[in-house]
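Data first, discussion second: the structure below is written as structure tokens.
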Amino acid sequence: MLFVVPTPIGNIEDLSPRAIKVLNSSDLILAEDTRTSGQLFKRVGVSVPMKSFHIHNEHKKLDEIISLLESGKRLSLVSDAGTPGISDPGYLLVRECVEKGIKVDCLPGPTSFVPALVESGFPTDSFVFEGFLPKKKGRKTRISEILEEKRTVVFFESPHRVVKVLKEIQDAGGGEREISISRELSKKFGESIRGTVQDLISHFEENEPRGEFVLVLKGLGRKA
């Protein structure tokens, strides 16, 4: 059986008692970075063998992991922060488990885009999660498509590209569109900043972007 276990995006207290119990009952933990996960597990009393499983080796290790699961092992999958499979390794393994008839149990838990969406104040009844935008090929086209989306759009961006993507949205005609940008959610200096795209360009030109960012763009024509 495979357990997909969310880990804190910042605040260690967000790791649930059930998650700790599941991790400790596992035969092996698949970790995106064993050093990062090892530090967390040491603090919460998890002492289970780990194996690295990340974007650069997931194809190579897939057959080996499936064999372990088919032999009856209980495995847990974790990423460095948040829920595995959400812009993190996990999709390929879960898909293979489903195809092989191996039970998968994803625990509820931390993920950054939900609190960012709720804190934005934009409509949450229907939204689009984009993950990370393309870095090069298709990026301009994707931004144009996002600006035509009537639903709220949520996506991730790194601190050194926040101003760049805001200027790209402005250049595509979205300078007056309302946007909310959240960073360092659940941490001491976590915050959500709201305004037009132009407003936030000015803000981040005066305040160096730091931390992990979630951008929430109001849908085209939404009044609420």
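The values are calculated or read from the model by the stated rules, or taken from the named source; none is laboratory data. The model shown is predicted, which means the values in this text are computed figures rather than measured ones. No Cβ is skipped: glycine too gets one built from the backbone with ideal geometry, and neighbour counts run over all protein chains shown.
Observations, loosely collected:
- Yes/no for residue 180 being in a strand (DSSP E or B) and in contact with a helix residue (DSSP H, G or I) (Cβ under 8 Å, 6 or more places away or on another chain): yes
- Any hit, the stretch 124-145, residues being more than 28 Å from residue 84 (Cβ to Cβ), charged (D, E, K, R) and touching a Leu at 6+ places or on another chain (Cβ under 9 Å): no
- Contact map, the stretch 137-148: first residue of a type in the set (S, T, N, Q), second residue in a helix (DSSP H, G or I) and surrounded by 13 or more Cβ atoms within 10 Å (Cβ to Cβ), Cβ cut-off under 6 Å, separation 6 or more or different chains; pairs are 144/172.
- Checking each residue in the stretch 124-141 for being in contact with a strand residue (DSSP E or B) (Cβ under 8 Å, 6 or more places away or on another chain) and either outside any loop (DSSP other than H, G, I, E, B) or within 23 Å of residue 203 (Cβ to Cβ) (or both) picks out 127, 128, 129, 130, 131, 132, 133.
- Filter result for residue 193 (under 17 Å from the mean Cα position of the chain (by Cα), in the same structural domain as residue 118 (by TED's automatic domain parsing) and within 28 Å of residue 11 (Cα to Cα)): no
- Any hit, the stretch 68-77, residues being surrounded by 15 or more Cβ atoms within 10 Å (Cβ to Cβ) and basic (Lys, Arg): yes
- Pairing residues of the stretch 34-60 that are touching a residue at least 40 places away in the same chain (Cβ under 8 Å) with residues that are of a type in the set (A, V, I, L, M, F, W, C) and not in a strand (DSSP E or B), at Cβ distances under 8 Å and at least 6 apart in sequence or on separate chains, gives 53/65; 53/93.
- Only one entry in 126, 180, 202 is among the polar types (S, T, N, Q) and closer than 30 Å to residue 12 by Cβ, namely 180.
- Each residue in the stretch 6-33 was checked for being among the charged types (D, E, K, R), closer than 30 Å to residue 191 by Cβ and either touching a residue at least 60 places away in the same chain (Cβ under 8 Å) or surrounded by fewer than 15 Cβ atoms within 10 Å (Cβ to Cβ) (or both), and 3 of them qualify.
- Check on residue 164, surrounded by fewer than 18 Cβ atoms within 10 Å (Cβ to Cβ) and assigned to a loop (DSSP other than H, G, I, E, B): no
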